[in-house]
Amino acid sequence: MKSPLAVLLLTVATLATAALSPLWLRLHKDGLHDPANPGLAQLQEPAEALEPLPRDTAGNLVNWVRAIDGGAIAPRTNLLPETVVRLRDDELIIARYGSMPAVKFPHRQHTLWLDCSNCHEHLFKSRAGANRFSMMAILNGEQCGVCHGAVAFPLTECRRCHSVPNELLRRQAAATAATAAASSSVPARSASGAAAVATTAASGALR
Ligand code: HEC
Ligand code: HEC
Ligand code: HEC
């Protein structure tokens, strides 16, 4: 028969376990580690490592971009002192005016983790508009899908890539075209021609 103290301790232990892993599978249950391996006890449980980090709703439930931006983690950028760490901060619109909101690709959030050579030139040519993207290929694990759904947030998070309303792009393009047309000194007859050129230039800048 169990003493009240033993029951209490058991309850506390159970609560502690529950508190440790409300969201993350424990290692012996994750289907990857051998539960019979005594070495398992030496490993840190995912919950213990991930719990303090900013929460996400998908993938491994950590928002890694916020984790790095908020200073919760500060991953080492290089092992060798001679490695040149390269960052790039611009945003490219790589799909527009489809059935979905346009896709915005931010370089900064990627180069915080990756080197240019992880993507250029084998995955993507480093020239706006030089790549042909396809959602089908991405879902097949190519292009953005090489990482997203594998090591970065999963493809079910449509809006995190498809984040720019097409209407906003159209308004921006129209506004740029109007400004260009208004400030241009060309005769009225060719004003619409100038506007068309300006629209193309604006789309080019967005890409
Ligand atoms: C990792 C980024 C990423 C995620 C996540 C993502 N997409 Fe895409 N998607 C893209 C890119 C890049 C293209 C551009 C392909 C092109 O130019 O047509 C695209 C194109 C598309 C297109 C064709 C263009 C259009 O707007 O009609 C559809 C439809 C689409 N995605 C639907 C989805 C849906 C639905 C989801 C969520 C289940 C999703 N995507 C999640 C990156 C993503
Ligand atoms: C995660 C993948 C990835 C990484 C890492 C990456 N890029 Fe890119 N880069 C892209 C994509 C996607 C495009 C858009 C190409 C397109 O529009 O077709 C792009 C476009 C470019 C462009 C063209 C921009 C323009 O306005 O024409 C340049 C230049 C570029 N990258 C340089 C770099 C450099 C330098 C680094 C490292 C500091 C880097 N990239 C890291 C994916 C990446
Ligand atoms: C080589 C790996 C790799 C490729 C290829 C890649 N990504 Fe990412 N992406 C990452 C990583 C790593 C992160 C940061 C961790 C996370 O958010 O899960 C990230 C984050 C992002 C974010 C989140 C930015 C934020 O502020 O939350 C967007 C949007 C995104 N990627 C879009 C794309 C699109 C669109 C493509 C294809 C054109 C692409 N990525 C290709 C690795 C990649």
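Readers should treat all values here as calculations from the given coordinates under stated rules, not as data from a laboratory. What you see is a predicted model; the values in this text were computed from it and never measured.
Annotations
- Entry note, the stretch 91-164: relative contact order of 35 percent, from Cα contacts under 8 Å with a spacing of 6+ residues.
- Extension gain (nm, one decimal) between HIS120 and VAL85, 0.36 nm per residue minus Cα-Cα: 11.1 nm
- Scanning residues 5 or more positions from ALA95 or on other chains, those with amide H under 5 Å from its amide H are VAL103, with H placed 1.01 Å from N in the peptide plane.
- Amide H partners (placed H, <5 Å) of VAL62, local residues excluded: ASP56
- With all pairs of different C-alpha atoms in the average, the Kirkwood value for the hydrodynamic radius of the stretch 91-164 is 12.8 Å.
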